[in-house]
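Worksheet for the structure shown next.
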Amino acid sequence: MGELTVPFFKPSFSQAEKDAVCEVIDSGWLTTGKVTHAFEEEFADFTGCRHALAVNSNTSGMLLAMEACGVKEGKIVITTPYTFVSTASCAIHLGGDVCFADTEEDSYSISPDSIRDVLEELKKEGKLEKVSAIVPVHIAGNLCNMEKICALAGEFSTEKNKIFVIEDCAHSFPSKTKNGYAGTLGDVGVFSFYATKTITTGEGGMITTNDDSLARRMSRMRLHGMDRDAWDRYTSDRASWEYDIVAPGFKSNLPDILSAVGRVQLKKAETFASKRKKIVEKYNSAFGGCDFLTLPPDGEGNAWHLYLIQLNPAVLSCSRNVFAKELQENGIGISMHFIALFHFSYWQKKYPEFRAENFPNAERHFQNTITLPLWPDMTEEMIGLVIEKVKSAGEKFHVR
């Protein structure tokens, strides 16, 4: 295979990110400090959220959010099998269990009807009060039905047990609806700033919440359970060595070097989103009449982090993998989002009943979906080449 003509993704950096990093290096303060605190304040202002807590990954953020929401041994998290593995594995790390709900038939989002089925079954089994959280995942930037999901959490909560809603927002910045930004629609939101995300710090993430109590718990737990962070200990008038450990926490803080990049990227977020949307419009216009694929679902506030096409096996003589290989061999960088969790050996052994046949929508999405390149600095030539190669592959494998 030759060198790819169109990379799957390339980050959009300029001299501004470089200058911001150099400024932090020159300051002599490299770990979490005033730059990270400023990033948190700016992110909170952007999303209209009361609290924003910078962390070193979405995974760390999910651990902190679940822990604060009471996930532990004997507790249950409900989420989707159509996600990256960390969404579910965080509950396992905390000693909890996971119950899975299928996706919607016509989208990659977790189905509120399937969530209700899971909750009803747990209620029948006398396990309803074990449910700590529902974790919807906003796949590719298209938002789940948060109104219905939050309503379900309220309906099935009891006086003894509140069911929290933790949004996995790894794909959904800056998704926004009439009710607010992703990450503010449930109890907690957790974002990712991984290298391929809509804004990036290389590695990193952000937690958002309007709940003071949850914010206080997550803030302390992200740095070993200390009641003071390093910036406070080393710059405060109080003795730097004095602190208390209030709980056995984690090491999840984001250093100033990465936060400096994040602050610059945050200022560009809406510009990036506008560029991605224009590319999506070109894709949709070109692919709208192709019977061998289905366009990605599109709802209110879609951030268009990814462009997922679903192949139509009824009119193609090849599998998804063969189609994907054809694109790669013709210079198009592609990916797969996601390998449904029931295909992994760990989850099959952990939950023997966790099988593809019990999640028909998620399985169909997995078997037929390809992710195409979508990043702000794609040239017209690159966009045109992606369109050309997808169409030519569709023609090559079309059933006559």
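The values are calculated or read from the model by the stated rules, or taken from the named source; none is laboratory data. Since the model is a prediction, treat every value here as computed from it, not as a measurement. Every residue, glycine among them, receives a Cβ derived from its backbone with ideal geometry; neighbour counts consider all protein chains shown.
For (1) touching a helix residue (DSSP H, G or I) at 6+ places or on another chain (Cβ under 6 Å); (2) touching a residue at least 24 places away in the same chain (Cβ under 8 Å); (3) assigned by TED's automatic domain parsing to the domain that holds Pro360, each residue gets a yes or a no:
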| position | (1), (2), (3) |
| --- | --- |
| Ala20 | yes, yes, no |
| His37 | no, yes, no |
| Phe46 | no, yes, no |
| Met62 | yes, yes, no |
| Thr80 | no, yes, no |
| Ser107 | no, yes, no |
| Glu125 | no, no, no |
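In the stretch 129-162, how many are crowded, with 24+ Cβ neighbours inside 10 Å, closer than 19 Å to Val118 by Cα and touching a Leu at 6+ places or on another chain (Cβ under 8 Å)? The number of residues fulfilling the criteria is 2.
For the stretch 1-45, a residue qualifies if it is in a loop (DSSP other than H, G, I, E, B) and under 22 Å from the mean Cα position of the chain (by Cα), and the qualifying residues are Pro7, Phe8, Phe9, Lys10, Pro11, Ser12, Phe13. Looking only at the stretch 285-299, how many residues end up being closer than 25 Å to Ser111 by Cα and surrounded by fewer than 16 Cβ atoms within 10 Å (Cβ to Cβ)? So the answer is 3. Within the set of pairs 6+ apart or on separate chains, which have a first residue in the stretch 361-387 that is on the phi > 0 side of the Ramachandran plot, a second that is surrounded by fewer than 19 Cβ atoms within 10 Å (Cβ to Cβ) and of a type in the set (Val, Ile, Thr), and C-beta atoms under 6 Å apart? Matching pairs, first to second residue: none at all.
In this structure, is Leu374 assigned to a strand (DSSP E or B) and either more than 18 Å from Asp102 (Cα to Cα) or not assigned by TED's automatic domain parsing to the domain that holds Thr87 (or both)? It is false that Leu374 is assigned to a strand (DSSP E or B) and either more than 18 Å from Asp102 (Cα to Cα) or not assigned by TED's automatic domain parsing to the domain that holds Thr87 (or both). Per the conditions (1) buried (at least 23 other Cβ atoms within 10 Å of the Cβ); (2) within 20 Å of Gly204 (Cβ to Cβ), the sole criterion not satisfied by Ser109 is (2). For the stretch 230-253, the criterion of being in contact with a Gly (Cβ under 9 Å, 6 or more places away or on another chain), crowded, with 21+ Cβ neighbours inside 10 Å and among the aromatic types (Phe, Trp, Tyr) is met by no residue. The residues listed here are Arg222, Arg216; of these, the one that is out of contact with any helix residue (DSSP H, G or I) (no Cβ under 8 Å at 6 or more places or on another chain) and farther than 20 Å from Phe46 by Cβ is Arg216. Just one of the listed residues (Ala324, Ala314, Ala362) is in a helix (DSSP H, G or I) and either in contact with a Ser or Thr (Cβ under 6 Å, 6 or more places away or on another chain) or assigned by TED's automatic domain parsing to the domain that holds Ile92 (or both), and it is Ala362. Among residues belonging to the stretch 166-196 that are aliphatic (A, V, I, L, M) and crowded, with 22+ Cβ neighbours inside 10 Å, point out the one that is nearest to His337 (Cα to Cα). Here the residue is Ala170.
Scan the stretch 274-284 and give yes if some residue there is touching a residue at least 12 places away in the same chain (Cβ under 8 Å) and of a type in the set (Asp, Glu), otherwise no. No, the stretch 274-284 has no match at all.
Here Gly48 clears all of (1) touching a strand residue (DSSP E or B) at 6+ places or on another chain (Cβ under 7 Å); (2) at pLDDT below 95 except the condition numbered (2).
To keep it simple, each residue is scored yes or no on (1) at pLDDT 95 or above; (2) more than 24 Å from Ala182 (Cα to Cα); (3) surrounded by 15 or more Cβ atoms within 10 Å (Cβ to Cβ).
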site: Gly301; (1), (2), (3): yes, no, yes
site: Leu306; (1), (2), (3): yes, no, yes
site: Val322; (1), (2), (3): yes, yes, no
site: Ala356; (1), (2), (3): yes, yes, yes
site: Thr379; (1), (2), (3): yes, yes, no
site: Met382; (1), (2), (3): yes, yes, yes
site: Lys389; (1), (2), (3): yes, yes, yes
site: Ala393; (1), (2), (3): yes, yes, yes
site: Lys396; (1), (2), (3): yes, yes, no
